[in-house]
1. Residues of the stretch 272-294 being open to solvent by 20 Å² or more (accessible area, probe 1.4 Å) and either charged (D, E, K, R) or in a loop (DSSP other than H, G, I, E, B) (or both), which ones?
2. Just name the residue that is farthest from Asn34 (Cα to Cα) out of those in the stretch 223-254 that are in a helix (DSSP H, G or I) and open to solvent by 70 Å² or more (accessible area, probe 1.4 Å).
3. Identify all residues within the stretch 205-227 that are within 11 Å of Ala159 (Cβ to Cβ) and free of Cβ contacts under 8 Å to residues at least 60 places away in the same chain; write none if there are none.
4. Please find, among Ala51, Ala75, Ala62, the residue that is surrounded by fewer than 19 Cβ atoms within 10 Å (Cβ to Cβ) and either at pLDDT 85 or above or farther than 30 Å from His313 by Cβ (or both).
5. Looking only at the stretch 405-426, decide whether some residue is under 23 Å from Val538 (Cα atoms) and open to solvent by 70 Å² or more (accessible area, probe 1.4 Å).
6. Do we find that Leu393 is open to solvent by less than 10 Å² (accessible area, probe 1.4 Å), under 29 Å from Tyr476 (Cα atoms), in contact (Cβ under 8 Å) with a residue 60 or more places away in the chain and assigned to a helix (DSSP H, G or I) in this structure?
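The values are calculated or read from the model by the stated rules, or taken from the named source; none is laboratory data. These numbers were taken from a predicted model, which means no experiment stands behind them. Cβ sites come from the backbone with ideal geometry, for glycine too, and all protein chains shown count toward neighbours. In case anyone asks, the SASA skips ligands and DNA or RNA and just uses the protein heavy atoms, side chains included. Shrake-Rupley method; radii C 1.70, N 1.55, O 1.52, S 1.80 Å.
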Amino acid sequence: MNVSNALIFNRQKGRLQALETIFQQDNRVFLTGNDGAGKTTLAQEYMRCFADKYQAMIRINAATDETFLADLCEALQRFSLPVDMTGSVMEIFQTLHNYLNEQSKALLILDHLPFRFAVQDSPDQQPLRYHFLLITHTAGAPAELPRLDLAGLEARDGALLVLRQAGLLAEQDALLDTAGNEVQMDALELAREMQGSPIALRLAGGYLRQVGLSIRDYLDLFREYPVRLQLHGNGPQGLDVAGELSLAWLARTHPEALAILWMCALLSPEAIPIALLDQGDEEKAEQTIETIQLLVALGLLNKNEDRSVLSMHPLIQQLTRQFCELDEQPQPPELLEPVLRRLRSLLSTLSDQALPARLRIAGHIRQLATQCKQWKLTITEAAEVFGWAATLLWEQKMLSQAEALLRRALEIWEKVPEISQITIVTALERLATLNGQLGNYDEAESLSQRAIVGMMATKGLNHPDVLLALNQLGQYYAAQNKQNEAKASYEKVIEMGEMLKLRQHPVYSTAKYNLALLSIEQGQFGQAEDLLLRVCTVWSHMLGEHNRSTVEARLKLAEVAARLKHWERANSCYEQALPPYEEELGKENPLVLNHLGRAAMALFQLGRLEEAKRLWLRVLAVNAQIG
């Protein structure tokens, strides 16, 4: 049997065996197929059936940045591995990869993969030893790697699925042949009509069970129904019809269930907390649970192993949003406000939660903000939850996601009269910082200017925070090569610092340092030397001689002194700064070697030839070793 590429097995057992066969020949496999083809279901079934084969099994949901990082952190914690949040996400992933590679048998499933991803073998690391299953859309998988491509179910498997879902077999594990001939034929016909789509067949089965319709009547309705919904992308044929049939029945008979479903459709599809859907009092809570059970029975929601959370297929989310908008159901602001208020009430308890739990909540908040861009939200709870999520994502280096949420929070705060100006100024300042970190310097400049105006109005012209903001504005100017504007900002900070007797305040010396860097760019080395001398004196006293800022300032002073041929000063700076610099970065670091060469030149100019020679030989030796 050829297992190299594009294997298609229609029976579930055949699919599982096919995957196992490919893993016998290659450790890295892509599981592909169109949306709704059952890729995740097959992967979960593989984990269940082959659990005894592996020492460790991990599934990571890569559908969003939040779920990817949350699942990754949980995996590391499960194996008591260090979680270093100062590194990149891929560095954190590498920690898990290294651990799994040391196990005799391990399985890693990376689900909902939105991009081409593979652990790359390199000469300095061991080849991949564990089984790595990457689940993605058909178009996202490299053609050269082994893959299992899922097509629709065979008619008999599809018929069996719909009959079991509908409760039309005497026992749940009964075979197709135990159903009556007429029921069999109708079920086979429906399975072919839906082209074996598992998700559409589950909806059909759930509808049959709840409505009490015969398969023949459902088939006629399916063919004749004037469907209005249309899936975007590669959704399975027939799902739009099956989805609208179920949603239309809910709208007629259980409007409260449709409202809950719409709330779920506006959230992230994974790990939806049932607590967000509760109405508050005990009686309504019981009604909510009953409603959720109905939605699960219809196949519109799924209950996870963790009974406190739900999931919803993204395709069903898409259909639900379309249906509710077409049928003029309660508009999202009406539905969102209770959810946002419950989210706000949860924030105080989330500080005790582990990072993965907080990341998933942030994912729901970001999804809400994305789905409801066109609706104006004016409740302060919305701004608070957006701001909370922005802070959390910022801490995890998800800068663009954090920026969008904080901007949405600012838009709301600016429309609420009772919000204090301090809150708005703080948001403007933080948003400016985020844009600066993203490299959006023109936007950072605009936001920073607005923040300074507001800060002066609320805190006073001479408040130290105004100096901090002016210094930051100078850096945004400098990043855009607006040197005159940057210089004016730094000089204003220095002038105000002297007037307010804030010479010991960090912003005063930082502005001097920034002005020195600008002077170097403009070739004004004398001014730069004078500024750097003052900065080094203050920072060595306040921060310590071995502090990174002090060391870098002293190295800058050494460079400027060398340009001015002040060799004694240059040599003195190198003698003070290089030992801690080398200790921190390492003897082979290119920056260290570059400064060692400069130090050697200073010694040479002073006539200390033997010392200069030793330094140059040391640099040459290291370069030869690493080259």
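1. Across the stretch 272-294, the qualifying residues are Asp278, Gln279, Gly280, Asp281, Glu282, Glu283, Lys284, Glu286, Glu290.
2. The qualifying residue farthest from Asn34 (Cα to Cα) is Arg252.
3. The one that is within 11 Å of Ala159 (Cβ to Cβ) and free of Cβ contacts under 8 Å to residues at least 60 places away in the same chain: Ile215.
4. Result of the check over Ala51, Ala75, Ala62: Ala51.
5. no
6. So Leu393 fits the description; yes.
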